[in-house]
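A.B. asks: Just dropping this structure here.
Since every read-out is calculated from the coordinates, none of them should be taken as a lab result. All values reported here derive from a predicted model rather than from experimental measurement. Glycine also receives a Cβ, built like all others from the backbone with ideal geometry; neighbour counts cover every protein chain displayed.
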Amino acid sequence: MRIGFGFDSHRLVDGRPLILGAVEMDFPKGLSGHSDGDCLLHAVCDAVLGAVGGGDIGDLFPDTDPKWKDAASSAFLSAVAKMPPECGLAVSNIDATVIAQEPLITPYKKAMEEKVSSLLGIPAERVNIKAKRPEGFEDAAADVIAACAVACVE
Ligand code: MG
């Protein structure tokens with residue numbers, strides 16, 4: 001059994017759709033980034049990569065490569081999902097936390113869990129997504145969404 005950890009954050013800006021956990025959310029701002037800015041999927045990618053010793057998401061999909069400009073991060077996770085089987089491993093479960101002042105993540109958690117599990121090819125009950133407000137650092141975390149994730153592979 002191996003464990004990997006991932007973290008990512010992106011800034012909320014005007015003029016972008018908000019895609020988080022491969023789910024489009026109803027919100028007037030979206031996450032900036034070279035790709036679609038989906039920090040939850042980026043954290044999950046890094047967690048899986050960490051568990052298999054596969055480096056990090058920037059090694060695989062550099063933000064200097066025009067190929068990944070505005071790319072759907074679901075493509076990153078689909079590609080990363082192929083790596084554990086290549087090492088004779090399978091993702092056992094994912095546990096992730098999203099840290100956001102707004103929007104409210106809770107109504108979207110189930111849809112996100114379903115998307116992440118489907119991209120990884122594992123049952124939805126093996127993906128757990130939690131949501132936290134940045135209590136005590138609200139000002140520092142305004143207009144930011146952050147996510148961390150742990151992946152267990154066996
Ligand atoms: Mg990122």
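A.B. asks: Taking the stretch 114-144 as the region of interest, how many residues are in a loop (DSSP other than H, G, I, E, B) and touching a residue at least 24 places away in the same chain (Cβ under 8 Å)?
C.D. replies: Here is the first cut: in the stretch 114-144, the residues in a loop (DSSP other than H, G, I, E, B) are 121-123, 133-143.
If we keep only those that are touching a residue at least 24 places away in the same chain (Cβ under 8 Å) too, we end up with 121-122, 133-134, 138, 141-143.
Final tally of qualifying residues: 8.
A.B. asks: Identify all residues within the stretch 33-55 that are within 10 Å of the ligand (Cβ to nearest atom) and without any contact (Cβ under 8 Å) to a residue 60 or more places away in the chain; write none if there are none. Steps first, please.
C.D. replies: Pass one, the stretch 33-55, residues within 10 Å of the ligand (Cβ to nearest atom): 33-43, 45-46.
Those that are within 10 Å of the ligand (Cβ to nearest atom) and without any contact (Cβ under 8 Å) to a residue 60 or more places away in the chain: 33, 34, 35, 36, 37, 38, 45.
A.B. asks: Which residues, taken from the stretch 77-95, are assigned to a helix (DSSP H, G or I) and in contact (Cβ under 8 Å) with a residue 40 or more places away in the chain?
C.D. replies: Kept after step one, since they are assigned to a helix (DSSP H, G or I), are these residues of the stretch 77-95: 77-81, 83-86.
Answer for the stretch 77-95, where residues must be assigned to a helix (DSSP H, G or I) and in contact (Cβ under 8 Å) with a residue 40 or more places away in the chain: 77, 78, 81, 84.
A.B. asks: Follow-up question, since we're still on this one. What's the number of the condition residue 111 fails, among (1) buried (at least 22 other Cβ atoms within 10 Å of the Cβ); (2) part of a helix (DSSP H, G or I)?
C.D. replies: The number of the failed condition is (1).
A.B. asks: Given (1) hydrophobic (A, V, I, L, M, F, W, C); (2) in contact with a Phe, Trp or Tyr (Cβ under 9 Å, 6 or more places away or on another chain); (3) farther than 19 Å from residue 144 by Cα, identify the lone condition not met by residue 81.
C.D. replies: Failing condition for residue 81: (2).
A.B. asks: Could we say that residue 58 is in a helix (DSSP H, G or I) and within 10 Å of the ligand (Cβ to nearest atom) here? Break it down stepwise before answering.
C.D. replies: Numbers: in a helix (DSSP H, G or I): yes; within 10 Å of the ligand (Cβ to nearest atom): yes.
It is true that residue 58 is in a helix (DSSP H, G or I) and within 10 Å of the ligand (Cβ to nearest atom).
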